1. Roughly what would the spin-label model give for PHE70 and LEU118, points 7 Å off Cα along C-beta, in nm?
2. Around PRO133, what is the net charge, scoring Lys/Arg as +1 and Asp/Glu as -1 over all other residues with Cβ under 10 Å from its Cβ?
3. Determine, from the Cβ-Cβ distance of GLU59 and ASP25 and an R0 of 30 Å, the FRET efficiency 1/(1 + (r/R0)^6), rounded to the nearest 0.05.
4. Need one number: nm distance between label points at CYS34 and SER130, each 7 Å from Cα along Cα→Cβ, rounded to one decimal.
5. What number comes out for the charge environment of HIS60, summing +1 per Lys or Arg and -1 per Asp or Glu over other residues with Cβ under 14 Å away?
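Read-outs: derived from the displayed coordinates by stated rules, not from any lab. Bear in mind the structure is a predicted one, so any value in this text is a computation, not a measurement. Cβ placement follows ideal geometry from the backbone for every residue including glycine, while neighbour counts extend to all protein chains displayed.
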Amino acid sequence: MGRSSLLRTAAAGALLGTSLYVGSDVLGEYTTYCILRDKGLAFAGQDAQLAAQIGQPYEHGPWYNASIGFTQSGHIAAITFPLRGSRQITDVTVRAVRRPGVSSAAIYNLIDGEWKVLDCNAMAPQAGGSVRPRSIMPAVAVPKVEDGKVVGECEECNRKAEAPAAAAGASAAAATSPSGSGAAAGTATPAAPGGGESDAAAAGGQKRKRRFWLF
């Protein structure tokens, strides 16, 4: 094989390698864009203020009018795509992070494809003709407590929470009443086996606080 043939073979191999690399890069960007766009559309479909702003039904714009960028070695991605309603059009921005794994976004999306959204915003008009991004992600519900009760909880749960306190109040009232003090002085009721542990558990139950875990 002559020198010219070797050069042509090397050039063809380099061109093939470059094409595969560029093709994989483009595939990774496109699949990431589709995943994040679908998540942004899901948030947009749940936002009543956005529906009142641009009107429904929604239709996302073409991919060539969108943009995508990566940071942190491709583990954080941000896209912006146009969202057209029946009255107006706006831009939606989605930023998400993926789990550590393979460096190729194309392979990661084909194997796993899990992206956690960090924020999702839509451009909203402001006073004076300006526009600013507004979050369209649903807010995390924080339990509200009023007078020791959780607002929004079922009445059965509140009754169960009030039962230990009501029992303690009745015991205190019986102990301070004349009949109760006489009975306590005149007779002594034998403690049931394990009664001390039950009393300690009941006392501990009165001091136990409800914990709320947010996901």
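1. Distance between label points: 1.5 nm.
2. Residues close to PRO133 contribute a combined charge of 0.
3. 0.60
4. Taking the two extended label points, one gets 3.9 nm.
5. Net local charge, HIS60 excluded: 0.
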